[in-house]
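Worksheet for the structure shown next.
None of the figures in this text is laboratory data; all of them are computed from the coordinates on show. Everything quoted here is computed from the prediction, not taken from an experiment. Glycine also receives a Cβ, built like all others from the backbone with ideal geometry; neighbour counts cover every protein chain displayed.
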Amino acid sequence: MPTPDQILTLSDVRYRWSGRASFELTVPDFRLATGDTVLLLGESGSGKSTLLSLICGTILAQSGSVCVAGTDIASLSSGMRDRFRAEQIGLIFQQFNLLPFASVRDNIMLPLRFAPDRAKRVPSATENAKRLCHDLGLPSGVMDTRAGSLSVGQQQRVAAARALIGTPPLIVADEPTSSLDAATQSTFLDLLFTQARAHNATLLMVSHDARLVSQFDRVVHMSDIATTIRGAA
Ligand code: ADP
Ligand code: MG
């Protein structure tokens, strides 16, 4: 059973991708406490992104349970799960997944459209978006710029602002720094940590870059929490 100070609990989770190169992931017990910053390390192909998809409820475990903020996500209908994800989780992807033709403002505010309670947590969404841009070191006046016209480093900051707006309790980032150079990477991480800590948000970041270890409260290796089978029938 999840305790109140746990934002995430996976128990006896099993998920299998079917197909020719099938892959099975089993996670007996993985928990995140509220406010934890955790780096998840693992080889390419070890199932890190699969685990994040299970946590976000974009795929559902074939057995076991995934609880986010005390809710078993398998108990929600697909529509409720989409809304629940938007309310509870700020997501940052390796490829940013910004809408290139939409403005920075529209990109940052996008999750709030699907998450009315998250929108209510901030007095003014526009002010929150501006404040995040400022704190993330984006130039003033960037809000009306097309997201696709920004540099890679700036786009990644916009992706971070989109994840942080409305202070979701869980921030999940899948190799968010892999397309940034070392200097931009370190600034980006500092800003992400500052923002997460200011709101006691939990940060789960996937990387295969062991140099990031010292910055996190806890480092978890895939091989410590999961077993995998390739070519599982
Ligand atoms: P990582 O993020 O650690 O690199 P992934 O979770 O992306 O690992 O992938 C682990 C394995 O799961 C892959 O090697 C592949 O066999 C399988 N897999 C991942 N995504 C899919 C998918 N969409 N369809 C089928 N198999 C997949
Ligand atoms: Mg991956």
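Between THR34 and ASP5, the modelled labels are 1.0 nm apart [label points 7 Å from Cα along Cα→Cβ]. Considered as an equivalent ellipsoid built on the Cα gyration tensor, segment 6-230 has semi-axes of 28, 20, 16 Å, the largest given first.
Can you give the extra length, in nm with one decimal, that the chain gains between ARG121 and LEU60 once fully stretched, where that is 0.36 nm per residue apart less the Cα-Cα distance?
Stretched fully, the ARG121-LEU60 segment lengthens by 19.1 nm.
Annotation: peptides 163-176, 215-228, ranked by per-residue average of other Cβ atoms within 10 Å with the highest first, follow the order 163-176, 215-228. Once the Cβ-Cβ distance between SER44 and TRP17 is put in as r, and R0 is 25 Å, what FRET efficiency do you end up with, to the nearest 0.05? Plugging the Cβ-Cβ distance into 1/(1 + (r/R0)^6) gives 0.95. Computed from backbone phi, the HN-Hα couplings of segment 26-38 come to 10, 10, x, 7, 9, 10, 10, 7, 4, x, 5, 10, 10 Hz, rounded to whole numbers (Karplus: 6.51 cos²θ - 1.76 cosθ + 1.60, θ = phi - 60°; Gly and Pro given as x).
Can you give the FRET efficiency to the nearest 0.05 for SER78 and ASP135, using r as the Cβ-Cβ distance and R₀ = 35 Å?
Here the calculated transfer efficiency is 0.50.
Between beta-carbons, use under 11 Å as the cut-off and find the net charge around ARG118, counting Lys and Arg +1, Asp and Glu -1. Once all neighbours under 11 Å are counted, the net charge is +3.
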